[in-house]
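The values are calculated or read from the model by the stated rules, or taken from the named source; none is laboratory data. In this text the structure is predicted, and so the values were computed from the model without any measurement. Neighbour counts run over all protein chains shown; Cβ positions are idealised from the backbone, glycine included.
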Amino acid sequence: MNETVLRIEGVTKRFGALTANDNISINLHRGEIVALLGENGAGKTTLMNILFGHYTADEGSIEVFGKALPPGEPHAAIAAGIGMVHQHFTLAENLSVLDNIMLGTEHLWRLSSDRAGGRRRIDQLAKSFGLGVAPDARVGDLSVGERQRVEILKALYRDARILILDEPTAVLTPQESISLFATLKQLTADGLSIIFISHKLNEVMAASDRIYVLRAGRVVAERQKTATSRQELAELMVGRPVPEPKAEPQAPGPVQVELVDVTAKGLDHVSLAIHGGEILGLAGVSGNGQSALADLLSGLLAPASGTVRLFGEAVHPWTPNRLSELGVGRIPEDRHATGLISGMSAMENAVTERYRDPPFSRASLIDWPAVTRFTERIIADYDVKCPSPRADVRTMSGGNMQKLILGRVLSSDPRFILACQPVRGLDVGAIAYVHAQLIAARKAGASILLISDDLDEILGLSDRVAVMYRGQISAPVARAAATVESIGLLMAGHGFAHGADAHAA
């Protein structure tokens with residue numbers, strides 16, 4: 001298994017004055033799992049896009065199984081046995097799951113498509129990897145997590161011998177993640193080689209054989225898994241010690257958010273209570289109603305039945321604008337689709353939910369100097385790497401987009417914060433920062449609903465933990481009583497009843 005299947009030598013890639021990859025050299029052996037770590041903007045995605053043929057390197061070379069890989073040709077990469085699950089999905093939303101996975105795998109002149117054979121193979125892969133998804137579902141109707149499952153299946157369907165996985169476990173329960181890692185180990189024993197990109201250091205330590213750390217476009221360290229630690233890897237990624245914020249115990253305040261037997265599209269008789277000064281963590285496999293609950297608590301979805309009270313009172317009308325006026329702050333699941341407007345500037349995005357309010361509006365006109373000053377404060381206070389308040393948000397990294405959203409939300413001193421996947425795709429340093437801000441808001445008395453696929457995040461921040469499964473919510477338990485095993489079983493549906501009165505919180 002010491003055969004080198006991939007050799008990247010001296011790869012450099014520049015975008016104008018920015019050097020995204022600076023003389024990077026890495027290698028991958030047959031039957032090996034190599035983890036690639038680094039902050040957002042460290043150059044990981046650029047390097048993988050060069051490997052897959054989306055970009056052409058300015059300098060350097062790539063060999064796959066001893067043969068030079070033609071630059072800038074994705075078909076050549078696929079033919080060489082490289083499969084890639086991209087960080088941002090590459091799916092056709094108007095097509096089915098089956099069509100997306102099979103697309104490009106059959107000859108154009110074939111008289112008919114072997115859809116039955118494709119369906120059988122997809123079902124086999126889905127069962128092997130615990131990646132359940134309906135082959136006939138339209139991709140545009142799927143949640144973010146379900147789309148990621150399709151991307152993983154699409155790469156596996158093409159019989160890749162080198163597989164690049166970017167955050168592959170974000171949608172899996174702990175048990176399914178363990179099963180996936182076990183399957184990957186079995187595949188590597190048969191000769192499959194894997195590059196595993198993840199921000200979850202526990203997973204990197206559990207799954208990888210070797211680890212490369214990138215910072216500012218350079219490889220700053222290579223470590224054998226057995227010769228490093230989580231803390232060392234975090235410091236190598238960021239270039240400084242990274243403290244892990246901790247939520248100190250505190251007495252909860254009165255109930256600020258209460259749902260009693262609420263039904264809506266995607267929600268099945270949900271009851272929940274969140275106290276002031278409390279973080280309630282909500283775990284669950286993506287697609288089990290978390291998005292519906294987030295839409296409900298954002299005012300985008302009205303309850304069909306049941307009672308919802310905010311700060312002790314019923315709310316009318318149930319609209320996003322009214323909830324914002326009452327002190328609801330929203331950190332959305334998808335910063336690109338619903339959190340920010342990419343074609344607008346940082347300062348326009350900073351006031352999208354408050355531009356009608358003083359001090360940003362005077363005589364029905366926007367006070368742009370006030371907006372600029374407000375955005376400058378967010379940039380300074382939340383360490384947003386942004387050239388100016390007038391810069392388009394599309395030019396910012398994911399971490400800096402999230403910091404801008406966080407600044408927008410917390411600067412209004414919300415009484416209730418809906419934090420939906422607040423650190424998805426962020427690096428270690430940005431994660432620590434976001435967590436510290438949420439803990440500070442909790443200490444100041446805000447009630448926080450933390451919806452996350454990351455159990456480490458849930459168990460690290462929450463005062464109480466609940467699980468969502470098929471539109472229902474389990475009874476919350478104290479963090480001290482919650483374990484990875486017990487939460488994972490609930491995430492898989494064990495212990496849930498079905499129908500009305502299943503679980504009252």
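Among the listed residues Thr12, Thr45, Thr19, identify the single one that is closer than 21 Å to Ala234 by Cα and not aliphatic (A, V, I, L, M).
Only one candidate passes the filter, namely Thr45.
For (1) modelled with pLDDT under 95; (2) of a type in the set (Phe, Trp, Tyr); (3) in the same structural domain as Ile458 (by TED's automatic domain parsing), each residue gets a yes or a no:
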| site | (1), (2), (3) |
| --- | --- |
| His275 | no, no, yes |
| Ser298 | yes, no, yes |
| Thr319 | yes, no, yes |
| Pro332 | yes, no, no |
| Val351 | yes, no, no |
| Arg354 | yes, no, no |
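Out of curiosity, is Ala432 farther than 22 Å from Glu353 by Cα, part of a helix (DSSP H, G or I) and either hydrophobic (A, V, I, L, M, F, W, C) or free of Cβ contacts under 8 Å to residues at least 24 places away in the same chain (or both)?
yes
Quick test of your reading of the structure: Phe196 fulfils all but one of (1) out of contact with any strand residue (DSSP E or B) (no Cβ under 7 Å at 6 or more places or on another chain); (2) under 30 Å from Thr483 (Cα atoms); (3) at pLDDT 85 or above; (4) not acidic (Asp, Glu). Name the failing condition by number.
The failed condition is (1).
Could you check the stretch 367-383 and list, in sequence order, the residues that are more than 21 Å from Ala430 (Cα to Cα) and in contact with a helix residue (DSSP H, G or I) (Cβ under 9 Å, 6 or more places away or on another chain)?
Trp368, Val371, Thr372, Phe374
Is at least one residue of the stretch 253-260 closer than 19 Å to Val204 by Cβ and either aliphatic (A, V, I, L, M) or not assigned by TED's automatic domain parsing to the domain that holds Ser208 (or both)?
No, that holds for no residue.
Show the residue pairs that are 6+ apart or on different chains and have beta-carbon atoms under 7 Å apart, the first residue being within the stretch 374-389 and farther than 17 Å from Ser412 by Cβ, the second being modelled with pLDDT of 90 or more and hydroxyl-bearing (Ser, Thr, Tyr).
Hits for this filter: Pro389/Ser345; Pro389/Thr372; Pro389/Thr375.
Please state which one of Ala57, Ala77 is surrounded by 18 or more Cβ atoms within 10 Å (Cβ to Cβ), at pLDDT 95 or above and outside any strand (DSSP E or B).
When all the criteria are applied, what remains is Ala57.
Restricting attention to the stretch 291-326, report how many residues are touching a Gly at 6+ places or on another chain (Cβ under 7 Å), part of a loop (DSSP other than H, G, I, E, B) and closer than 19 Å to Arg354 by Cβ.
Of the residues in the stretch 291-326, 1 are touching a Gly at 6+ places or on another chain (Cβ under 7 Å), part of a loop (DSSP other than H, G, I, E, B) and closer than 19 Å to Arg354 by Cβ.
Scan the stretch 448-486 residue by residue and report those that are of a type in the set (S, T, N, Q) and not in a strand (DSSP E or B).
Listed by number, the residues that qualify are Ser452, Ser462, Ser474, Thr483, Ser486.
Can you go through Ile50, Ile24 and tell me which one is more than 27 Å from Asn202 (Cβ to Cβ) and among the β-branched types (Val, Ile, Thr)?
Answer to the selection: Ile50.
In the stretch 1-45, how many are among the charged types (D, E, K, R) and part of a strand (DSSP E or B)?
So the count comes out to 5.
Say we look at the stretch 226-245 and pick out the residues that are closer than 19 Å to Ala206 by Cα and in contact (Cβ under 8 Å) with a residue 60 or more places away in the chain; which of these is farthest from the chain's Cα centre (by Cα)?
Leu236
Taking only pairs six or more apart or across chains, which ones have beta-carbon atoms under 8 Å, a first residue in the stretch 1-29 that is closer than 14 Å to Thr46 by Cα, and a second residue that is in a loop (DSSP other than H, G, I, E, B) and charged (D, E, K, R)?
Hits for this filter: Thr12/Asp58; Lys13/Asp58; Arg14/Asp58.
Would you confirm, using the coordinates I've provided, whether Gln186 is under 24 Å from Glu106 (Cα atoms) and at pLDDT below 80?
no
Starting from the stretch 181-196, keep only residues that are among the small types (Gly, Ala, Ser), then list their pairs with residues that are modelled with pLDDT of 85 or more whose Cβ atoms are within a distance under 6 Å, requiring at least 6 positions of separation or different chains.
Gly191/Arg30; Gly191/Gly31; Ser193/Val5; Ser193/Leu28; Ser193/Arg30; Ser193/Glu32; Ser193/Ile162
Sort through Pro135, Pro168, Pro71 and tell me the only one that's in a loop (DSSP other than H, G, I, E, B), under 24 Å from Ile26 (Cα atoms) and at pLDDT 80 or above.
Step by step, each of Pro135, Pro168, Pro71 is checked, and only Pro71 is in a loop (DSSP other than H, G, I, E, B), under 24 Å from Ile26 (Cα atoms) and at pLDDT 80 or above.
When you look at Glu222, is it over 21 Å from Gly445 (Cβ atoms), touching a Lys or Arg at 6+ places or on another chain (Cβ under 9 Å), free of Cβ contacts under 8 Å to residues at least 12 places away in the same chain and not polar (S, T, N, Q), yes or no?
So Glu222 does not fit the description; no.
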